[in-house]
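The values are calculated or read from the model by the stated rules, or taken from the named source; none is laboratory data. What you see is a predicted model, and the numbers here were worked out from it, not measured in a lab. Reconstructed Cβ throughout: ideal geometry from the backbone, glycine too, with neighbour counts over all protein chains shown. SASA here: full protein model, heavy atoms, side chains in, ligands and nucleic acids out. Shrake-Rupley method; radii C 1.70, N 1.55, O 1.52, S 1.80 Å.
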Amino acid sequence: MSTPGNICRPDPTDGLETVRRAIADACARAQRDIASVTLVAASKTVPADTIEQTVLAGHRVYGENRVQEGKAKWPALRERFPEVELHLIGPLQSNKAREAVALFDVIHSVDRPGLCEALAKQCEKQGRRPKLFVQVNTGAEPQKAGILPDAADDLLTTCRETYDLDVVGLMCIPPAGEPPEAHFAQLAKIAARNGLDGLSMGMSTDYATAIEFGATHVRVGSAIFGARAYPTP
Ligand SMILES: *Cc1c(COP(=O)(O)O)cnc(C)c1O
């Protein structure tokens, strides 16, 4: 029987080392500077003591996909490791904007004007200015978060001109079971025509491909920490 307690977790520092090497190889193949790619270790469902092993191994950048889980795990870790940078990679409800702005340094899931407004209000109130990525639903999947590709330019204008938010790039999650290349290329194209450098794309199965297509942030979970004990949306 499989329960979360007896799932076999590999040593996360081995996983981290493997992923770092694969990123270096992908950068070499793409003739890119390794410093141009940030590894966001997706630590959702991973317990704090496992995360700590990777912090001690020198990894600084982490991504959570839920505000509540981030609040439960990270304040204590950050007190001990203030150099950590925390990213929100999952969907964000406007009523959690306050907590998200307080906790996260970077938010990858901005996808609608109402959320921009809520974030802008909190940035002003809290005197914080997290870096933001606009999530694009490149596969136009009805169940998935993200602005549709055709509406991305307008949303970016709203973020920047109406709300003066610090938008640094675009994020996508290609449809499961589809080759990701066309999605990565489309995201890069929308970013280029909007003058954005940041591309948050690539997960455990396709981060090397994403790097070939210009990813600046790869979000990698299971390749570092092992299979998750339970699925997440
Ligand atoms: C969980 C998650 C990832 C990492 O997924 P893996 O397949 O485990 O690498 C990346 N991005 C988002 C938005 C996620 O929720």
### Query
For the range 21-165, what % of the accessible area comes from carbon and sulfur atoms, probe 1.4 Å?
48 percent
### Message
Using the Cα atoms of the chain, I'd like the radius of gyration and the largest Cα-Cα distance, Dmax, both in angstrom.
### Response
17.1, 54
### Query
Any idea how far apart R228 and D154 come out in nm if each label point goes 7 Å out from Cα toward Cβ?
3.2 nm
#### Entry: Charge-dipole axis of the chain as Lys and Arg at +1 and Asp and Glu at -1 on Cβ define it, positive-most pick from A28, S222, A72
A72
### Query
Amide H to amide H under 5 Å from T38: which residues, 5+ apart in sequence or cross-chain, H placed 1.01 Å off N in plane?
H217, V218
### Calculated log₁₀ intensity ratio I(q)/I(0) where the Debye formula runs over C-alpha points of the range 91-220, q = 0.13 Å⁻¹
-0.49
